[in-house]
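Take a look at the structure below.
The values are calculated or read from the model by the stated rules, or taken from the named source; none is laboratory data. These figures come from a predicted structure and were not determined experimentally. Positions of Cβ are generated from backbone atoms using ideal geometry, with glycine treated the same way; all protein chains shown enter the neighbour counts.
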């Protein structure tokens, strides 16, 4: 097997074990077992368990940082620039929900471990948070300039949007019984609430 393929197998196994047990409780023997290899084989590719975690982070950054957080996010706003805000945010939220659910195991690992590893936190902020923030912030500022949105702190608006999306994803994955409304209707309600906070007083949510 090619070196890159074996390394990929180990990373995939690590994602599964880290997501189930957390970084500290997981062992390289468990990762090896999940990957179907001898434990010693891991150390031909990675020096330490933390090195594996860094590779997991790099994988997430590669997949989400450029292809999803930057390119895909920018494309959503570009492709829908002539639509009203409610339509744009509905497309945006559906896309972000699909991504979060698809990469849930990896996201869960990273969001847990960035609390304890400064280098991982810095990489996450630089490659994921700041890239996505810049694109969404530009959309908000454009709305402010056009007189559609209040002249508000865009950082707070973005944090509110991300918090709303994050809580929905957590509920769907961890506490699905708490979601009592079908997804499309719930999206409409969430977007109405969010936009009512953004629109100027004389504007109405469509």
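Things worth noting here:
- Taking each residue of region 21-48 that is in the same structural domain as residue 112 (by TED's automatic domain parsing) and looking for partners that are surrounded by fewer than 14 Cβ atoms within 10 Å (Cβ to Cβ) and not in a loop (DSSP other than H, G, I, E, B) with beta-carbon atoms closer than 6 Å, six or more apart or interchain, yields nothing.
- Residue in region 100-119 that is assigned by TED's automatic domain parsing to the domain that holds residue 68, surrounded by 16 or more Cβ atoms within 10 Å (Cβ to Cβ), more than 14 Å from the chain's Cα centre (by Cα) and within 25 Å of residue 17 (Cα to Cα) present: yes
- Considering (1) in contact (Cβ under 8 Å) with a residue 60 or more places away in the chain; (2) within 29 Å of residue 9 (Cβ to Cβ), the lone condition that residue 122 does not fulfil carries the number (1).
- In the condition set (1) surrounded by 12 or more Cβ atoms within 10 Å (Cβ to Cβ); (2) in contact with a helix residue (DSSP H, G or I) (Cβ under 9 Å, 6 or more places away or on another chain); (3) within 22 Å of residue 70 (Cα to Cα), residue 155 is compliant with all but (1).
- Here residue 147 fits the description: at positive phi, surrounded by fewer than 16 Cβ atoms within 10 Å (Cβ to Cβ) and in the same structural domain as residue 87 (by TED's automatic domain parsing).
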